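This report concerns only the one structure given below.
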Amino acid sequence: MEMSKLKVPIICIVIGEGSSGGALALAVGDKILMLENSVYSILSPEGFASILYKNSSRSEEAAEKMKITSKDLKEMGIIDEIVKEPLGGAHKNIEKMCQTLKKSIENNLKELEKYSETELLELRYIKFRTIGNFAISENK
């Protein structure tokens, strides 16, 4: 709640695994970025499998249903940008990853700086209230 009232741009970045209450806090960002190989959800796949299937060993199946990858979340409108990782992952070339991330942060910050404090807070509120798009389907 407090973070949503900040009068400065908020850029949140998922760099590995964002889950649980921390994931919800990240959703308040004016821009949510994700490294391409990271995951982001409000519940771990193991927890989801335990609840849905009563069996945590089905976590891989649960992860697929949860749509927790950067690609899935970008398509659903949950995140704003996927930050490309070096070949083999961010840990394979930290310097390159940092340069790529720096450029992304600078670009997003430049965009957000166009707004007044009032506009920024209003846009943040609207974004948080309308985050994501989904459809409920009936299983027959």
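Here, each number is a calculation from the coordinates, and none is a lab measurement. Given the structure is predicted, the values throughout are model-derived calculations rather than measurements. So basically every Cβ, Gly included, is an ideal-geometry build from the backbone, and we count neighbours across all protein chains shown.
Annotations for the structure displayed:
- V14 long-range amide H proximity, modeled H, under 5 Å: L33, M34, L35
- Counting charges near V8 (Lys, Arg +1; Asp, Glu -1) among other residues having Cβ under 10 Å from its Cβ returns a value of -2.
- Largest GNM mean-square fluctuation across I42, I15, I126, computed for the chain with C-alpha springs under 10 Å, falls on I126.
- The chain: angle of helix 117-129 to the longest principal axis, Cα-based, in degrees nearest 10: 10
- Taken about its Cα centre, the range 9-140 carries a charge dipole of roughly 160 debye when the Cβ of each Lys and Arg holds +1 and the Cβ of each Asp and Glu holds -1.
- Among the listed pairs K74/K102; K54/K127; K74/K96, those beyond 26 Å (Cα-Cα): K54/K127
- Note on the chain: the C-alpha convex hull projects to 10.0 nm² when averaged across all orientations.
- Beta bridges per DSSP with both ends in the chain, % antiparallel, nearest 5: 10
- Distance between the range 106-133 and the range 1-21 - C-alpha centres, whole angstrom: 13
- Amide N of the range 21-41 lying under 20 Å from the label point, which is placed 7 angstrom from the Cα of E81 along Cα→Cβ: 26-40
- Candidates N108, N93, N37: whichever shows maximal mean-square fluctuation once the chain is modelled as a Gaussian network with Cα springs under 10 Å: N93
- Taking the helices alone, the chain has a mean residue ellipticity at 222 nm of -12500 deg cm²/dmol, built from -39,500 (n - 2.57) per DSSP H run of at least 4 residues and averaged over all its residues.
- For the range 17-79, the fraction of alpha-carbon pairs lying more than 15 Å apart is 49 percent, rounded to a whole number.
- For R58, R129, order by how many other beta-carbon atoms lie within 10 Å, fewest first: R129, R58
- Average Cα contact separation per residue, the chain, under 8 Å, 6 or more apart, as relative contact order %: 27
- Within the range 1-89, the GluC sites (Glu not before Pro) that combine a DSSP coil assignment with at most 12 other C-beta atoms in a 10 angstrom radius are E2.
- The calculated FRET efficiency for T130 paired with K103, based on their beta-carbon distance and R0 = 30 Å, is about 0.60.
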